[in-house]
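The values are calculated or read from the model by the stated rules, or taken from the named source; none is laboratory data. All of these numbers come straight from a predicted model, not from anything done at the bench. No Cβ is skipped: glycine too gets one built from the backbone with ideal geometry, and neighbour counts run over all protein chains shown. Note: areas computed on protein heavy atoms with side chains; ligands, DNA, RNA excluded. Shrake-Rupley method; radii C 1.70, N 1.55, O 1.52, S 1.80 Å.
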Amino acid sequence: MNAATGHESYSARIQWLREDLNRHAHAYYVLDQPTIPDAEYDTLFTELQQLETKHPDLITADSPTQRVGGAPLPEFAQVQHDVPMLSINNGFSEDDIRAFDRRVSEGLEQSGEVEYACELKFDGLAINLRYVDGVLEQAATRGDGSAGEDVTANIRTIHSIPLRLRTEHPPKILDVRGEVLMFKADFARLNQRQRDAGLKEFANPRNAAAGSLRQLDSRITAQRSLRFFAYGIGHLDGAALPDTHSALLDWYSELGIAVCDERAVVRGADGLLKFFTDIGTRRAALAYDIDGLVYKVNRVQQQQALGFVSRAPRFAVAHKFPAEEATTTVLDINVQVGRTGAITPVARLAPVSVGGVTVTNATLHNEDEVRRKDIRIGDSVIVRRAGDVIPEVVAFVPERRPADAKEFLMPTTCPVCGSVIIRPEDEAVARCSGGWLKCAAQRKGGLQHFVSRRAMDIEGLGEQLIEQLVDRGLVTTPADFYKLGLVALSELERMAEKSAQNVIDALTVSKSTTLPRFIYALGTRHFGTLDALMAASEEEMLAVEDVGPVVAQSILSFLHDPLNRELIEQLRAAGVHWDESAVERQSQHLNGKTFVLTGTLPNLKRDEAQAMIEAAGGKVSGSVSKKTSYVVAGEEAGSKLAKAEELGVPVLDEEALLQLLENPT
């Protein structure tokens, strides 16, 4: 290859990188719809930087290395930044950080350790806040670094941003630079509201924050619980600039501007790396997402001496954590069976490092989610992992889909026990119909449900004890609980004789129960009396309100299974009993009543509350109407609660629901 040919080859590669990076940047910064993980973008960007460094004659003004972010959205007025909002270079390894520290020391001609201010790198949207005579006048996004979008009306809805600075002598002009972000808990509540309203969920807190800030209707933004942290300064007029970056943030705090407490001043590369390790161990527990740390030379005079190179300051670097998103290939999609029988599609992946951990499997949640995201076998997909959270497939990469990609087909039988897989109407989750007696994957979960407070209420039989009992082969079915002896229990870990006797006593007390509790403990629906339930035909079950063909078949499958009928007889033989006359008086006292569940209840899971309502003869619906009898609302109840209040439907909390269930009158 001659020099001319080689130069043309480099030119073609550079042009391809620019086009590819510009396309991904537009999707990320303008559309808020990232097409590749940050780590993959960083790799492409670094390659382009290196090629342009080797071939400076090929650098053009429109290269991604010469600008920051994307163009402003046309719906918003454009704001010109007095001081450009530049980005900073990235470091990924210890060697990168030591090299940065070495360059700084050489640039300052300093022999001793340099003092640095260390901060978190938030995963949100960069904002410039302009205060004139202490009053918030304008807010703008970073945009392309030179000009951004005017989002003042939306910024005013964020409570962590003061509309007036807390000082009697404010600067004439102060441009505060910082990040608008959404905390994890607020993000979870937002997506719950989206689900309740039947709307599309946000992919991550960063997209939610960016999308919220770009709402044309600021009333929508006000509902999104956005936060703000300051980390820098732009134009300043009428006040002295603090001597250090850490002093700047302290000044902001005095002015009433939010700054993050997770910051420190350290010396030298060792100090930077120690801060990185410390934050890394606590990263998953933080209330917000971060993708790295930012190190800045602390003294402003030294920052000015070091200056800038191209699009970035020489005095700062972003130390990024190992990517929590990565691209890999779906080798296959199969299912796993959960403790409650839930069938979860799982993507089997070509091994990929995500957040420093090699990932080979990722959840796809349920069949509807697979269809919504259109994930197929053979696809290139973006995989995300945050802290200890199970990795999930975020999206597929359309341009990399092979022609022979195969769609996922949900199996009809359980891969563990061979029982039929059913999906009740109006539910997203399909389940194995075998129950814990037939399906080993469900056994421990079924036993824990049987002894729970709302079922047989057997004190002392917690999750760890049940784990031991099952693992040692002492308990296979609920009837085996009533065969346990004092000696066998006393020999288990952390079980003294007194604790074992307490469990035996609790088992004895639990034998006297109610039919609704017993039916609920077995995990099937109520039908008047147990004998009537066991003798009911499919036609009789279909005559019960809210029992459709799928539910009826599930009940019949459970009750006609010899193992389940034997279990019921064993439990009755062990002394489990209830007042049949009370059953006739009370069991169906909610007959004709329709309930709607919304939000998160303090103790009851939604399926538990539904089972208890149905055991008392009530019906559970998915939508609120004038015919709704009650709405049961928990924390972060969404649009269903608002609809109930609008229609005047009575609203119950968990305690009121339990009182209604236990007291028919």
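Just to verify a number: FRET efficiency for residue 452 and residue 512, C-beta to C-beta distance, R0 = 25 Å, to 0.05? Provide the component values of the computation, followed by the final result.
Values: r = 17 Å, r/R0 = 0.69.
So the FRET efficiency works out to roughly 0.90.
Given a Förster distance of 41 Å, report the FRET efficiency between residue 399 and residue 156 from their Cβ-Cβ distance, rounded to the nearest 0.05.
So the FRET efficiency works out to roughly 0.55.
With charges only on Cβ, +1 for K and R and -1 for D and E, what is the dipole size of the chain about its Cα centre, in debye, rounded to 20? Can you show the working numbers first?
Numbers: 72 positive and 94 negative charges, 37 e Å.
So the dipole magnitude of the chain works out to roughly 180 debye.
Answer with one residue from 265, 21, 220: the one whose Cα lies farthest towards the positive end of the charge dipole of the chain, charges on Cβ with Lys, Arg +1 and Asp, Glu -1.
Toward the positive end, the furthest listed residue is 220.
Return one number: the angle in degrees, 0 to 90 and rounded to the nearest 10, between the long axis of the Cα atoms of helix 606-615 and the longest principal axis of the Cα atoms of the chain.
20 degrees
Output needed: Cys residues of the chain lacking any neighbouring Cys C-beta below 4.7 Å, sorted by number.
So, 118, 260.
So which of 184/605; 406/605; 511/605; 200/626; 511/627; 444/643 end up more than 29 Å apart by C-alpha?
Working: 184/605 21 Å; 406/605 36 Å; 511/605 24 Å; 200/626 27 Å; 511/627 39 Å; 444/643 39 Å.
From the list (184/605; 406/605; 511/605; 200/626; 511/627; 444/643), the Cα-Cα distance tops 29 Å for 406/605; 511/627; 444/643.
On a 0 to 90° scale, report how tilted helix 3-25 is relative to the longest principal axis of the chain, with both axes built from alpha carbons and the result rounded to the nearest 10.
So the inclination is approximately 50 degrees.
Compute the long axis of helix 184-196 from its Cα atoms, compare it with the longest principal axis of the Cα atoms of the chain, and write down the angle in degrees, 0 to 90, nearest 10.
60 degrees
Could you look at the chain and say what percent of its accessible area is carbon and sulfur, using a 1.4 Å probe and all protein chains? Please report the intermediate quantities before stating the final value.
On the way: 15660 of 31730 Å².
That fraction is 49 percent.
Once you have the Cα-Cα distance between residue 200 and residue 569, take 0.36 nm times their residue separation minus that, and quote the gain in nm to one decimal.
Difference between extended and current length: 128.1 nm.
Extending each Cα 7 Å along its Cβ direction at residue 659 and residue 27, get the distance between those two points in nm, one decimal.
5.4 nm
Can you pull out the trypsin sites (Lys or Arg not before Pro) in segment 389-473 whose DSSP state is coil and whose Cβ has at most 14 other Cβ atoms within 10 Å?
The qualifying sites are 453, 472.
Which label marks the calculated value of semi-axes √(5λ) of the Cα gyration tensor in Å, given the options (i) 57, 29, 26; (ii) 42, 38, 21; (iii) 38, 35, 26?
Recomputing semi-axes √(5λ) of the Cα gyration tensor in Å here picks out (i).
Multiplying the sequence separation of residue 105 and residue 348 by 0.36 nm and subtracting their Cα-Cα distance, what value in nm do you get? Spell out each step's value before the answer.
Values: separation 243, 0.36 × 243 = 87.48 nm, distance 4.77 nm.
Net length gain for the segment: 82.7 nm.
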